[in-house]
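Engineer: Please read through the structure below; I'll follow up with questions.
The values are calculated or read from the model by the stated rules, or taken from the named source; none is laboratory data. Note that the structure is a prediction, hence the values are computed from the model and not measured. A quick note on method: Cβ atoms are made from the backbone with ideal geometry, for glycine too, and the neighbour counts reach across all protein chains shown.
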2 protein chains.
Amino acid sequence: MSTLTYQNLTETRAWKSLCSVARPSSIAVDPRAVPERFVPVGAGLQFNYAARGSSPEVVEALAALAEEQQCIDKYRALAAGAVMNTGESRMVLHHLTRGKLVEEMEAAAAPLDAFYREQHRRVAEFAGRVHRGEIIGSTGKPFDTVVQIGIGGSDLGPRAIYLGLKNCVARAGGVKMRAHFISNVDPDDAAELLTQIDPERTLFILVSKSGTTQETLANETFILEAMAAAGVPGLDPHRHMIAVTSQTSPLASSANYLDSFFIDDYIGGRYSSTSAVGSTILTLAFGPEVVAEFLRGAHEADRAALERDPRKNAALLDALLGVWERNVLGYPATAVLPYSQALSRFPAHLQQLDMESNGKSVNRDGGPLDYPTGPIIFGEPGTNGQHSFYQLLHQGTDIVPLQFIGFHQSQLDRDVTIDGSTSQTKLNANLAAQIVAFSHGKQDANPNKSFAGGRPSSVIVGDRLTPAALGALLAHFENKVMFQGFLWNINSFDQEGVQLGKVLAKQLLSGAADGALGAYAELLGV
Amino acid sequence: MSTLTYQNLTETRAWKSLCSVARPSSIAVDPRAVPERFVPVGAGLQFNYAARGSSPEVVEALAALAEEQQCIDKYRALAAGAVMNTGESRMVLHHLTRGKLVEEMEAAAAPLDAFYREQHRRVAEFAGRVHRGEIIGSTGKPFDTVVQIGIGGSDLGPRAIYLGLKNCVARAGGVKMRAHFISNVDPDDAAELLTQIDPERTLFILVSKSGTTQETLANETFILEAMAAAGVPGLDPHRHMIAVTSQTSPLASSANYLDSFFIDDYIGGRYSSTSAVGSTILTLAFGPEVVAEFLRGAHEADRAALERDPRKNAALLDALLGVWERNVLGYPATAVLPYSQALSRFPAHLQQLDMESNGKSVNRDGGPLDYPTGPIIFGEPGTNGQHSFYQLLHQGTDIVPLQFIGFHQSQLDRDVTIDGSTSQTKLNANLAAQIVAFSHGKQDANPNKSFAGGRPSSVIVGDRLTPAALGALLAHFENKVMFQGFLWNINSFDQEGVQLGKVLAKQLLSGAADGALGAYAELLGV
């Protein structure tokens, strides 16, 4: 392995070359490029970039940048257990939760392979006992519902994946338990949940790595008090609650939980969907085979991302094209547009993943940066978005690069034919049409009906949104974000930007607020 | 009324003055400004802009711009029935669906006041008959569920409002029917709904102004076929479906619907929540009194927006500050951050409202523009967003102005005290803390823990999210968007940017695709 060196994007030789590469004069798609410009993602998905507005020269310059910033070497080092989370002096091991990527691990990392696998195994065993009725509620009724209490990474990823797979698993008759999620400290979130569940048949999962997350502990107390107040004879709330936490947290050794499953400091919240944070609720809801498939898909994408040539590495190429768009072309945002209703909350997860990882203004060593880093990420499923914000995407004054996702087949395989085509065909016809419309545009004598075109997009295409496909999709974006962090020379694995708000909120709640904080407290009735 | 004249933003005298006004050197909040810098929105809400980063000089220059662009005169003209949707040569009358704003109406508009009221009255009468069991399902069972089939404006606004009020109405024991929504042409959307409802007890509302919306008609057929295939003796799907459409649409005269309620061409989809598009499902779900309150709140905000002085007009001031941020300061996006779980889909509605209205590159007459128009809009409820994308908002390389929303009290009034404070207090303490953190920032010896501050926000505060408060909130943002359209000299009421994709999708579905479109069709299995 090469010695790793770290330099800011604009200090590299490759950056200077990149700036002098000619920008393609048109990004209209050459039809012959469509079946050619693609890279496998893993689990049968392909990343197609024919409409992404690159040229062979641009890709070559980007490949040189990837080489100079040692993207693959750094990924290998990260996977082996190097301390890549410089801000918090931690290893970054979420890849290991789905499989080992490199043979030679650092001494500190090596034992954790077995640790993560052991947690998945313990989760599967626990879930099996729940499914077989060996673990039941305190009043003797079997559990049929599971509720995750968590926020941020303990909520968005697991929720997006649950919604992403629910119908696929249901079609195969594999749903074991219904799942719900509560996250917000707004008491209406938990209060509304209580109207939807039968507490005697509900198992709660408290998810907090530190065991100190304000929102999550408040919601736990809310649930415990509500169950105690329900007046059901024999109902013992503590026998309805398990914990997912770190072994060093105050929750880990508490007798208040039926059982506990563990993560550690090397799994960041937004990267924790494939750890016990995600696998616990997913295994309870869908069974261990579905989760194993999901992890297999993620691992396949992780392995594909080890390829050195970005022309054959979808995550790396996606990352590089994103840097081209953000730093050379100056585009401020990226939209994530899955043409699949099951992925309704996947953009919200990617919004956290990307914006919390790369929304940084200093480099990995705390040095200043003179270039933009992570873009704003937003999105909704198509075709819904077409009837909402696509107007701005087509005719607005800013160009927003687009990340489409599509599948040949629906999840539930229940469809209807009208005007000679199924709904699934209409869905994908719309997706094809949008890619071309954004890229080519259309001139019209009426300027209000003209489309400038030149709006780049790529599309990830699969046959069907299966557990393995969703695992690969998730890992693709995680790895894209990681590679962009290497290119920008930032630490994608801490989140110091969330601290100040927490500190001030605590100060206020302890009664120590004056000045502007006190004035706003008064305004808001605190 | 003054004669209306139209000029681009950068052609105004006020623009030149605005560019020369000193930018405030710090936007740190003066505590004394917090109780002073606010404007009533309507229905008890206030718009507080103490942290929005303006100075009296900036506001004065903006007021001159509002005057020169004749914002209030144009609003009055619009409300009176002037043809403000220049692209489609139509009046813009959504304000009239909640009440008359000006006495003297244009001849074409005058009769429509009665028309919109008549539709609300017909909806209320129909809903009353459903609630009293006078209108029942075809197999003799009462309706307890209502499903809206619509997309874009027929989906996002009504859905956001339904979610926004459900708990508030439930607390008063006022929920009459459960509501669901299907929108996406992805067949999994409708197929999943079928697993959640009892068709014998479900009333469907087909919502399409033109009666030709591809997604909506496909979903209608999906539902009709599924009900026919359900094998329930006597189940007649057409006796389970009503329509909301224009009187000239093919649906209006169809015998396939139990009843029909009407809108017209002067109500744009994204502005239709207060027309029959929204009132039908909301009245069925919550009863006419709740809807009357919602409309009353909207009308109150509409009236407040007639005020000529922007220092006393929340919607106009919000619009002006947005133009300052977008055009003078060059910020590309705005985040909408409600600290209320009930508003979980309100940002998605505003995303459509704003981006579809003002994501335009030509002026109202089709002339070119040399300045940015509508920003990217995104958001999620707090405190959830704090654990997601706030990292970028605090420490990212772009500044994103923030629109907070908060309420003193929760909707369900069920809460828990831990560590000496309720969840509702924690929620609002976080909101106060975030406003100050964004504005003031914090220096730290470790650059990775430093916050530059200088990130502007305003907050709309109310006592509780009631029907009237939500009506006022909705109207505030509608009017803000309208005023920004006047300031930018664009037509905020058409959406030609959605057409090209539709045309190409139809072309593809009719088998006439070649070139790039054909290549993508093949890739996507169309």
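Engineer: Looking at this structure, is A:S25 at pLDDT below 95 and crowded, with 22+ Cβ neighbours inside 10 Å? Write out each step before concluding.
Structural biologist: Values: at pLDDT below 95: yes; crowded, with 22+ Cβ neighbours inside 10 Å: no.
When the stated conditions are applied, A:S25 does not pass them.
Engineer: Now for a separate question. When you check B:F181 against the structure, is it part of a strand (DSSP E or B), buried (at least 17 other Cβ atoms within 10 Å of the Cβ), at pLDDT 95 or above and within 11 Å of chain A (Cβ to nearest Cβ), yes or no?
Structural biologist: Values: part of a strand (DSSP E or B): yes; buried (at least 17 other Cβ atoms within 10 Å of the Cβ): yes; at pLDDT 95 or above: yes; within 11 Å of chain A (Cβ to nearest Cβ): yes.
For B:F181, the condition - part of a strand (DSSP E or B), buried (at least 17 other Cβ atoms within 10 Å of the Cβ), at pLDDT 95 or above and within 11 Å of chain A (Cβ to nearest Cβ) - is met.
Engineer: Give me the pairs: first residue in region B:334-356 and within 8 Å of chain A (Cβ to nearest Cβ), second residue surrounded by 24 or more Cβ atoms within 10 Å (Cβ to Cβ) and β-branched (V, I, T), beta-carbon distance under 8 Å, and six or more apart or on different chains, which are they?
Structural biologist: Final answer for the pair search is B:Y339/B:T383; B:Y339/B:I405; B:S340/B:I405; B:Q351/B:I377; B:M355/B:I376; B:M355/B:I377.
Engineer: Evaluate region B:274-283: report whether one residue or more is more than 23 Å from B:Q411 (Cβ to Cβ) and not polar (S, T, N, Q).
Structural biologist: Checking region B:274-283: at least one residue is more than 23 Å from B:Q411 (Cβ to Cβ) and not polar (S, T, N, Q).
Engineer: In region B:351-380, how many are within 22 Å of the chain's Cα centre (by Cα) and of a type in the set (D, E)?
Structural biologist: Residues meeting the conditions: 3.
Engineer: Is it fair to say A:S54 is in the same structural domain as A:R311 (by TED's automatic domain parsing) and surrounded by 22 or more Cβ atoms within 10 Å (Cβ to Cβ)?
Structural biologist: Values: in the same structural domain as A:R311 (by TED's automatic domain parsing): yes; surrounded by 22 or more Cβ atoms within 10 Å (Cβ to Cβ): yes.
It is true that A:S54 is in the same structural domain as A:R311 (by TED's automatic domain parsing) and surrounded by 22 or more Cβ atoms within 10 Å (Cβ to Cβ).
Engineer: Among residues belonging to region A:385-399 that are outside any helix (DSSP H, G or I) and at the interface with chain B (Cβ under 7 Å from one of its Cβ atoms), point out the one that is nearest to A:S421 (Cα to Cα).
Structural biologist: Taking region A:385-399 as the starting set, the residues that turn out to be outside any helix (DSSP H, G or I) are A:388-389, A:396-399.
Subset that is at the interface with chain B (Cβ under 7 Å from one of its Cβ atoms): A:388-389, A:396-398.
Numbers: A:S388: 24, A:F389: 26, A:G396: 32, A:T397: 35, A:D398: 35 Å.
Selected residue: A:S388.
Engineer: Are any residues in region A:464-505 more than 8 Å from chain B (Cβ to nearest Cβ), among the charged types (D, E, K, R) and more than 14 Å from the chain's Cα centre (by Cα), and if so, which ones?
Structural biologist: Once the filter is applied, which keeps residues that are more than 8 Å from chain B (Cβ to nearest Cβ), among the charged types (D, E, K, R) and more than 14 Å from the chain's Cα centre (by Cα), region A:464-505 yields only A:R464.
Engineer: Can I ask one more? Since A:V39 meets every condition but one in (1) assigned to a helix (DSSP H, G or I); (2) within 14 Å of another protein chain (Cβ to nearest Cβ); (3) surrounded by 17 or more Cβ atoms within 10 Å (Cβ to Cβ), which condition does it not meet?
Structural biologist: Evaluating A:V39 over (1) assigned to a helix (DSSP H, G or I); (2) within 14 Å of another protein chain (Cβ to nearest Cβ); (3) surrounded by 17 or more Cβ atoms within 10 Å (Cβ to Cβ) leaves (1) as the failure.
Engineer: Out of all the residues in region A:163-178, which are touching a residue at least 12 places away in the same chain (Cβ under 8 Å) and within 13 Å of another protein chain (Cβ to nearest Cβ)?
Structural biologist: Going residue by residue through region A:163-178, those that are touching a residue at least 12 places away in the same chain (Cβ under 8 Å) are A:163-171, A:174-178.
Passing the criteria: A:L163, A:G164, A:L165, A:K166, A:N167, A:C168, A:V169, A:A170, A:R171, A:V175, A:R178.
Engineer: Across region A:334-348, what is the total count of residues that are buried (at least 24 other Cβ atoms within 10 Å of the Cβ), among the hydrophobic types (A, V, I, L, M, F, W, C) and within 27 Å of A:V58 (Cα to Cα)?
Structural biologist: Total meeting the criteria: 2.
Engineer: Give the residue that is farthest from the other protein chains (Cβ to nearest Cβ), with candidates limited to residues of region B:188-199 that are over 13 Å from B:I149 (Cβ atoms) and not small (G, A, S).
Structural biologist: If we filter region B:188-199 for residues that are over 13 Å from B:I149 (Cβ atoms), which is where we start, we get B:188, B:191-192, B:195-196, B:198-199.
Filter once more, so that each one left must be not small (G, A, S): B:188, B:192, B:195-196, B:198-199.
Details: B:D188: 5, B:E192: 6, B:T195: 7, B:Q196: 11, B:D198: 17, B:P199: 14 Å.
Among them, the one singled out is B:D198.
Engineer: Hey, another quick one. Counting just the residues of region B:422-449 that are among the polar types (S, T, N, Q) and surrounded by 19 or more Cβ atoms within 10 Å (Cβ to Cβ), which one comes out farthest from B:A170 (Cα to Cα)?
Structural biologist: So in region B:422-449, the residues among the polar types (S, T, N, Q) come out as B:422-425, B:428, B:430, B:434, B:439, B:443, B:446, B:448.
Add one more test, that the residue is surrounded by 19 or more Cβ atoms within 10 Å (Cβ to Cβ), and what stays is B:423-425, B:428, B:430, B:434, B:439, B:448.
Numbers: B:S423: 20, B:Q424: 19, B:T425: 22, B:N428: 23, B:N430: 27, B:Q434: 31, B:S439: 37, B:N448: 46 Å.
Within region B:422-449, the match that is farthest from B:A170 (Cα to Cα) is B:N448.
Engineer: While we're looking at this one, here's another question. I want to confirm something. Restricting to region B:476-526 and keeping residues that are of a type in the set (S, T, Y) and surrounded by 24 or more Cβ atoms within 10 Å (Cβ to Cβ), which single residue is farthest from A:I399 (Cα to Cα)? Let's see the steps before the verdict.
Structural biologist: Taking region B:476-526 and keeping what is of a type in the set (S, T, Y), we get B:492, B:510, B:520.
Next cut, surrounded by 24 or more Cβ atoms within 10 Å (Cβ to Cβ) only: B:492, B:520.
On the way: B:S492: 19, B:Y520: 22 Å.
Here the answer is B:Y520.
Engineer: Taking region A:92-103, which residues are surrounded by 22 or more Cβ atoms within 10 Å (Cβ to Cβ) and either over 17 Å from A:Y271 (Cα atoms) or in contact with a strand residue (DSSP E or B) (Cβ under 8 Å, 6 or more places away or on another chain) (or both)?
Structural biologist: A:V92
Residues are listed down the side, and each one gets a yes or a no for (1) among the hydroxyl-bearing types (S, T, Y); (2) closer than 18 Å to B:D514 by Cβ; (3) part of a loop (DSSP other than H, G, I, E, B); (4) more than 7 Å from every other protein chain (Cβ to nearest Cβ):
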| residue | (1), (2), (3), (4) |
| --- | --- |
| A:Q403 | no, no, no, yes |
| A:Q409 | no, no, yes, yes |
| A:D415 | no, no, yes, no |
| A:N428 | no, yes, no, no |
| A:D444 | no, no, yes, yes |
| A:G454 | no, no, yes, yes |
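Engineer: Within region B:171-191, how many residues are under 15 Å from B:A226 (Cα atoms) and within 22 Å of the chain's Cα centre (by Cα)?
Structural biologist: Keep residues of region B:171-191 that are under 15 Å from B:A226 (Cα atoms), which gives B:182, B:187-191.
Going one step further and asking which of them are within 22 Å of the chain's Cα centre (by Cα), we end up with B:182.
The number of residues fulfilling the criteria is 1.
Engineer: Considering only region B:152-170, how many residues are polar (S, T, N, Q) and under 19 Å from the mean Cα position of the chain (by Cα)?
Structural biologist: Of region B:152-170, the ones polar (S, T, N, Q) are B:154, B:167.
With the extra rule that they be under 19 Å from the mean Cα position of the chain (by Cα), the set shrinks to B:154.
The qualifying residues number 1.
Engineer: Scanning for something within 12 Å of another protein chain (Cβ to nearest Cβ), out of contact with any Gly (no Cβ under 6 Å at 6 or more places or on another chain), in contact (Cβ under 8 Å) with a residue 24 or more places away in the chain and in a loop (DSSP other than H, G, I, E, B), does region B:232-241 turn up at least one residue?
Structural biologist: First, pick out the residues of region B:232-241 that are within 12 Å of another protein chain (Cβ to nearest Cβ): none.
Looking for residues that are within 12 Å of another protein chain (Cβ to nearest Cβ), out of contact with any Gly (no Cβ under 6 Å at 6 or more places or on another chain), in contact (Cβ under 8 Å) with a residue 24 or more places away in the chain and in a loop (DSSP other than H, G, I, E, B), one finds none in region B:232-241, hence no.
Engineer: Which of the residues spanning region A:331-350 are part of a loop (DSSP other than H, G, I, E, B) and either within 15 Å of the chain's Cα centre (by Cα) or within 22 Å of B:I182 (Cα to Cα) (or both)?
Structural biologist: Applying the first criterion (part of a loop (DSSP other than H, G, I, E, B)) to region A:331-350 yields A:331-332, A:339-340, A:344-345.
Within region A:331-350, A:Y339, A:S340, A:S344, A:R345 meet the criteria.
Engineer: Pick from region B:364-381 the residues that are out of contact with any helix residue (DSSP H, G or I) (no Cβ under 6 Å at 6 or more places or on another chain) and surrounded by 22 or more Cβ atoms within 10 Å (Cβ to Cβ): which of them is farthest from the other protein chains (Cβ to nearest Cβ)?
Structural biologist: B:R364
Matching residues to (1) aromatic (F, W, Y); (2) more than 21 Å from A:T280 (Cα to Cα); (3) part of a loop (DSSP other than H, G, I, E, B):
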{"position": "A:R52", "(1), (2), (3)": "no, yes, yes"}
{"position": "A:E60", "(1), (2), (3)": "no, yes, no"}
{"position": "A:L65", "(1), (2), (3)": "no, yes, no"}
{"position": "A:L78", "(1), (2), (3)": "no, yes, no"}
{"position": "A:K100", "(1), (2), (3)": "no, no, yes"}
{"position": "A:E104", "(1), (2), (3)": "no, yes, yes"}
{"position": "A:D113", "(1), (2), (3)": "no, no, no"}
{"position": "A:E118", "(1), (2), (3)": "no, no, no"}
{"position": "A:V123", "(1), (2), (3)": "no, no, no"}
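Engineer: Can you tell me which residue among B:E307, B:E293, B:E325 is assigned to a helix (DSSP H, G or I) and under 16 Å from B:F47 (Cβ atoms)? Lay out the reasoning, then the answer.
Structural biologist: Values: B:E307 fails: assigned to a helix (DSSP H, G or I); B:E293 fails: under 16 Å from B:F47 (Cβ atoms).
Within the list B:E307, B:E293, B:E325, the selection yields B:E325.
Engineer: Right, something else. Would you please list the contacts, defined by Cβ atoms under 9 Å and residues six or more apart or on different chains, that run from a residue in region A:125-145 that is on the phi > 0 side of the Ramachandran plot to a residue that is of a type in the set (D, E, K, R)?
Structural biologist: Between residues of region A:125-145 that are on the phi > 0 side of the Ramachandran plot and residues that are of a type in the set (D, E, K, R), the close pairs are A:G140/A:E200.
Engineer: Let me ask something else about it. Among the listed residues B:I267, B:I223, which satisfies the condition of being modelled with pLDDT of 95 or more, closer than 22 Å to A:R414 by Cβ and crowded, with 24+ Cβ neighbours inside 10 Å?
Structural biologist: B:I223
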